[in-house]
Each structure stands twice: as structure tokens, then as C-alpha cells.
Amino acid sequence: MDKGTGKRHGNQLLMQFMPKFQPNGQDPISCTDKGLAPQVRSNALDVADFSTPRRLRTDEIPQIVNDFKLAARNAIEAGTILFFKTYNFCSEMTNIPLNFGYVSFETRIPNHMHGFDGVEIHGAHGYLIDQFFKDQVNDRTDHYGESLENRCRFALEITEAVTTEVGAYRVGMRLSPFANFMECGDSNPKALGLYMAEALNKYELLYCHMVEPRMRTLVEKSDCQHSLVPIREAFKGTFIAAGGYDREDGTKAVAENRADLVAYGRHFLANPDFPKRFEINAPLNMYNRETFYVSDPVVGYTDYPFLEEIS
């Protein structure tokens, strides 16, 4: 980064965002008021209990859409922000790495520095947008529920608002139609994925970031008959595939045109020189699940060794 202008050289930095916290101890919001059974956390170790959500009224939804719009504007105008999660994307086609972090809506630290280059709307893995998508969760009877078109309406209204606010060239979307995380599954995930891919073409997004069907949970890969290929063919823009990839598998996916780019999360977290290791085919540090999503700013985030430190 240039200290004078705040501009980055080579990399593009995007913020992934989703509504996550409610102020003053209020109940979490959802498309439903159905409770959630205790769940194993993302580290595959701890078990979490959850408050019963509050069903959003139809007249409240435009305000949530507006929150996404404001969050996008804040991200573009923001300065230095502490990331909670990072992805690294590599492509033989572009050779341009893209780094992503996410924060909650409230986080904004404006200064003279260059803000984020764009935003990723998180519509995956049981967060609010995904709850509206999935018929296992969404039991609404208004125009945000029942039919596939209605269940996708919330996501597309957000996409419309965010792209209008900051420009479609700055906006991507992450989706996991095949995932069944936190009791958030769908009876026809292929139809859901295809519908969203085709609907998003209208907006000419920077990319669509889709989680592989084999990652039904956040923990490990599972055997699956489904493929992202039909969805990749339906989406007319840059398509990013994620979920359980290693170096060989990711390279093959791009070579076979199953994706334009491949995302790596856990391996990137555990390897501060991840792109270099892939370039020279060096061994990777093994990630430690026990430190995933911990609040410590060092442990599990910046304490993994570089190659030089190992040798």
C-alpha cells in the first residue's frame, strides 16, 4: 500500500458483510420465529445454544435492505479495519489475488486512507439472507416466502440496493445453496442455485462466489452427486468456487473451466505466505480448529510460521 495515497498495488481488498448482532440484548432477527437446536460451532468442538429469533415484519424488511446499502457505502469509505476472516483467491487466468475480510454493519473507521475496493454480500451458511432462501427455515406467507421467487426476493432487493449505491463492479455475492448448516437447508438446492445465478446476471456483479455441494457443513467434505457446473454455466460473470480445495484440485477446477477462480480459507489463515507456498508447491501449515473465530488478535491469526521460520 502506498502510504501517501492509501492505494494498494496488485491486490484488491473487499469486505464481506452480513447482519449479525442486535443492540441492547434484543432477540436476533430472522425470516422466522422458529427456534434453533443447540449446534456444534464452526471449530467442530464447542456446542452453542441460541436465542429464539424474532420474525421480521414485512414493513421492517426495507430497513434491513437499507442497512446493507449503508454498510456497503461505509466499507468503500472506511479506513483501517481489523479483519475477523480472510479468504485468498487464486486464478491461473488472472494471476491477481483477491483478499477478503468481514466485519459487522456497525464497524466503520473513516480516515484519509483508501477504503475497501468492494464488498461481498454474504448470502451463505445460515446467515440472514440464507435463512430467507431456504425452505427448511423460511415459513413466511407474505411475498418473501413460500415460492422460490419470493424466497429469493430479499437477496435480490439487497443486491439492487448495494449495486446502485456503490456500483456493480464493486459487488460480489457468496452463496451456499447446497449447504445445510445450522438447520438451514433447502429441499431443491440445485433449483435455488440456478435461479440465483440467472437472476444475478441482470446486475453484472464483479463475481458470484459459490460453495461446493460437497461442503454441506462447514467442517469436512462429504460425498455428493451434485455439481456446481450447471450453476457456473448459468452465471455469465466471474465465478468463484469454494469448499475443500487443495492445490491440485483447485488448479484442475480452473483448467477444466469449472470456475474462474478458487477460494481458499482455512489454508490461507494457517499460512501467512500461502500464495508463495502454492507457487513453489511447498508443504502447508496445518490449521488449528480450536483457534477458529477466537477473540484473541494473535492466537490462530498471526502466530502461524512463515516458510523461512520453519527452515
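Taking into account only those residues within the stretch 171-192 that are touching a residue at least 60 places away in the same chain (Cβ under 8 Å) and not basic (Lys, Arg), which is surrounded by the most Cβ atoms within 10 Å (Cβ to Cβ)? It comes out as 171.
Residue-by-condition table, conditions (1) exposed (fewer than 13 other Cβ atoms within 10 Å of the Cβ); (2) free of Cβ contacts under 8 Å to residues at least 60 places away in the same chain:
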position: 268; (1), (2): no, no
position: 271; (1), (2): no, yes
position: 278; (1), (2): no, no
position: 283; (1), (2): yes, yes
position: 290; (1), (2): yes, no
position: 297; (1), (2): yes, no
position: 300; (1), (2): no, yes
position: 306; (1), (2): no, yes
position: 309; (1), (2): yes, yes
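Taken together, 80, 58 contain a single residue that is surrounded by fewer than 15 Cβ atoms within 10 Å (Cβ to Cβ) and at pLDDT below 95, which is 80. Taking the listed residues 27, 117, the one that is closer than 19 Å to residue 203 by Cβ and either open to solvent by 10 Å² or more (accessible area, probe 1.4 Å) or modelled with pLDDT of 90 or more (or both) is 117, with no other qualifying.
Against the conditions (1) more than 19 Å from residue 159 (Cβ to Cβ); (2) at pLDDT 95 or above; (3) under 15 Å from the mean Cα position of the chain (by Cα); (4) not hydroxyl-bearing (Ser, Thr, Tyr), residue 205 satisfies every one except (1).
Across the stretch 253-260, a minimum of one residue is classified as open to solvent by less than 10 Å² (accessible area, probe 1.4 Å), at pLDDT 95 or above and more than 17 Å from the chain's Cα centre (by Cα).
If you filter the stretch 132-170 down to residues that are of a type in the set (Phe, Trp, Tyr) and part of a helix (DSSP H, G or I), you find that the one that is most open to solvent (accessible area, probe 1.4 Å) is 169.
Residue-level check: of (1) touching an Asp or Glu at 6+ places or on another chain (Cβ under 9 Å); (2) surrounded by fewer than 21 Cβ atoms within 10 Å (Cβ to Cβ), residue 230 misses just (1).
The values are calculated or read from the model by the stated rules, or taken from the named source; none is laboratory data. Here the structure is a predicted model, which means the values were calculated and not measured. As a convention, Cβ positions derive from the backbone with ideal geometry for all residues, glycine included, and neighbour counts pool all protein chains shown. Calculation scope for accessible area: heavy atoms of the full protein, side chains included, ligands and nucleic acids excluded. Shrake-Rupley method; radii C 1.70, N 1.55, O 1.52, S 1.80 Å.
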